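J.: Take this structure first; my questions come after.
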Amino acid sequence: MAIIFRYLTRQVMISMLAVSGVLLMVFMSGRFIKYLADAAAGKISADVLFQIMGYRFPGFLELILPLGFFIGILLAYGRMYLESEMTVLFACGVSDRQLLAKTLVGSVFVMLVVGAMSLYLSPWGMKQVENILNEQRQATEFEMLAPGRFQNLASGGRVTYTESLSGDKRELRGVFIAQFSPSEESLTLISADTGSQFIDERTGSRFLVLEGGKRFEGMPGKLNYAVTDFDAYGLRIESANGREKVLEEAVSTRQLMDSDDLKARALLHWRFSLPLIVPIVTLLAVRLCRVNPRQGRFFHLLPAMLLYILYLGLLIVARDALATGKVPEWVGLLWVHGVFLALGLWMNFGSDWLRKRRLQREVEHHA
């Protein structure tokens with residue numbers, strides 16, 4: 001039996017890792033593109049992209065692993081049914097209940113990993129992301145510049161362009177700045193050969209000092225532009241945004257337990273719900289993976305995926321209902337788990353229970 005258990009576990013885990021790897025690439029690439037767009041717009045620095053993605057990794061896994069394990073069971077056991085391996089196992093004395101029990105034992109490991117991600121690692125990672133984003137929001141325009149791009153930065157109507165940056169990113173070359181003042185309806189254009197940052201030690205104010213350039217100021221549509229040549233010209237550099245951004249997912253589980261806020265309580269229920277998904281979908285998958293060889297290998301995947309989507313969708317609906325106070329906290333998300341747990345138990349044991357009831361009635365009738 002130990003050899004059979006190791007074989008079944010290995011088959012499921014290999015399928016789970018393959019499916020989870022593909023899903024992880026899809027999820028992370030979509031999120032990476034979003035952060036890449038923010039970096040291109042000058043909202044964050046390109047240097048922190050991989051740090052953010054690394055810290056968000058546990059948050060992706062906590063959602064992907066339950067689905068990956070579910071599909072892994074369907075693929076692994078479905079293949080074994082098609083290739084008659086399950087027939088051989090049943091002929092050797094392995095029952096449906098033993099198969100379910102061994103699969104549930106294997107699911108405990110996945111449930112513990114998802115629980116660790118959901119309750120501890122994911123909030124910690126999101127806290128690091130929150131700190132990085134807040135540091136980026138405090139960064140100056142000078143630090144957020146990227147060569148070869150027109151960037152609309154935080155100083156209110158100012159667009160900045162630089163051809164290149166020095167190796168230490170302290171000097172700009174080929175600088176162009178356009179700034180529009182809505183109150184005065186005036187447009188200011190500045191071009192300079194080089195630019196560097198200057199910090200006033202007394203006040204802490206930062207300035208962009210431009211050297212060797214021209215300044216054009218006037219109203220669009222008119223020809224009375226004032227043109228000024230300068231050897232050095234200073235522009236004040238503003239911080240991108242002084243307010244810190246707080247991410248809901250970055251709040252620790254302990255803080256959620258101590259909070260009375262409905263949204264915080266709903267998030268707490270959600271974090272505890274994610275590991276509970278694993279054993280329940282195991283009950284469903286072991287029954288749904290039974291395949292008739294004439295139906296094909298992937299015939300059972302469509303109804304199984306629709307059932308999983310329904311399960312996850314109801315959890316999201318229940319979470320929103322709890323956050324708005326429509327559902328009492330003692331009910332929380334448990335009713336959704338209860339419905340699908342009952343469905344899984346019925347799918348695995350319902351036919352046996354009905355058979356026993358029918359035999360009992362026949363015995364009572366003949367008696």
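The values are calculated or read from the model by the stated rules, or taken from the named source; none is laboratory data. Every value quoted in this text rests on a predicted model; they were computed, and no experiment measured them. Because the Cβ atoms are built from the backbone with ideal geometry, glycine has one as well, and the counts that use them run over all protein chains shown.
J.: Can you name the residue in the stretch 1-27 that is among the aliphatic types (A, V, I, L, M) and crowded, with 16+ Cβ neighbours inside 10 Å and, of all such residues, is farthest from the chain's Cα centre (by Cα)?
T.: Step one: of the stretch 1-27, the residues among the aliphatic types (A, V, I, L, M) are 1-4, 8, 12-14, 16-19, 22-26.
With the extra rule that they be crowded, with 16+ Cβ neighbours inside 10 Å, the set shrinks to 8, 12-13, 16, 19, 23-24.
Details: Leu8: 30, Val12: 24, Met13: 23, Met16: 19, Val19: 17, Leu23: 11, Leu24: 10 Å.
In this case the residue turns out to be Leu8.
J.: Shifting gears a bit: Say whether the condition of being part of a helix (DSSP H, G or I), β-branched (Val, Ile, Thr) and either under 28 Å from Pro58 (Cα atoms) or at pLDDT 90 or above (or both) is met by at least one residue in the stretch 324-341.
T.: The answer is yes, given that some residue of the stretch 324-341 is part of a helix (DSSP H, G or I), β-branched (Val, Ile, Thr) and either under 28 Å from Pro58 (Cα atoms) or at pLDDT 90 or above (or both).
J.: Show the residue pairs meeting these rules: Cβ distance below 6 Å; 6+ apart or different chains; first residue within the stretch 318-335 and assigned by TED's automatic domain parsing to the domain that holds Pro275; second residue among the charged types (D, E, K, R).
T.: What qualifies is Ala323/Lys263; Glu329/Arg265.
J.: Still on this structure: Can you find a residue that is in contact with a helix residue (DSSP H, G or I) (Cβ under 8 Å, 6 or more places away or on another chain), closer than 30 Å to Thr160 by Cα and either in the same structural domain as Leu89 (by TED's automatic domain parsing) or among the acidic types (Asp, Glu) (or both) anywhere in the stretch 15-31?
T.: Yes, because at least one residue in the stretch 15-31 is in contact with a helix residue (DSSP H, G or I) (Cβ under 8 Å, 6 or more places away or on another chain), closer than 30 Å to Thr160 by Cα and either in the same structural domain as Leu89 (by TED's automatic domain parsing) or among the acidic types (Asp, Glu) (or both).
J.: Within the stretch 68-90, is even one residue out of contact with any Pro (no Cβ under 6 Å at 6 or more places or on another chain) and within 24 Å of Trp124 (Cβ to Cβ)?
T.: Scanning the stretch 68-90 turns up at least one residue that is out of contact with any Pro (no Cβ under 6 Å at 6 or more places or on another chain) and within 24 Å of Trp124 (Cβ to Cβ).
J.: Right, next: Which numbered condition in (1) under 30 Å from Ala146 (Cα atoms); (2) surrounded by 13 or more Cβ atoms within 10 Å (Cβ to Cβ); (3) modelled with pLDDT of 85 or more is the only one that Gly42 fails?
T.: Unmet condition: (3).
J.: Being assigned to a helix (DSSP H, G or I), among the hydrophobic types (A, V, I, L, M, F, W, C) and either modelled with pLDDT under 85 or surrounded by 11 or more Cβ atoms within 10 Å (Cβ to Cβ) (or both): is that true of Leu314 here?
T.: yes
J.: Moving to a separate point now. Taking Leu267, is it modelled with pLDDT under 90 and assigned by TED's automatic domain parsing to the domain that holds Gly125?
T.: Values: modelled with pLDDT under 90: no; assigned by TED's automatic domain parsing to the domain that holds Gly125: yes.
Considered against the rule, which asks whether it is modelled with pLDDT under 90 and assigned by TED's automatic domain parsing to the domain that holds Gly125, Leu267 comes out as no.
J.: A further question on this structure: Among the residues of the stretch 171-223, count how many are in contact with a Gly (Cβ under 8 Å, 6 or more places away or on another chain) and either among the hydroxyl-bearing types (Ser, Thr, Tyr) or touching a residue at least 60 places away in the same chain (Cβ under 8 Å) (or both).
T.: Total meeting the criteria: 5.
J.: Being at pLDDT 75 or above, surrounded by 14 or more Cβ atoms within 10 Å (Cβ to Cβ) and in contact with an Asp or Glu (Cβ under 7 Å, 6 or more places away or on another chain) is the requirement here; does Leu274 meet it?
T.: Yes.
J.: Which one is modelled with the highest pLDDT among residues in the stretch 151-165 that are of a type in the set (A, V, I, L, M) and either within 12 Å of Gln179 (Cα to Cα) or under 33 Å from the mean Cα position of the chain (by Cα) (or both)?
T.: Selected residue: Val159.
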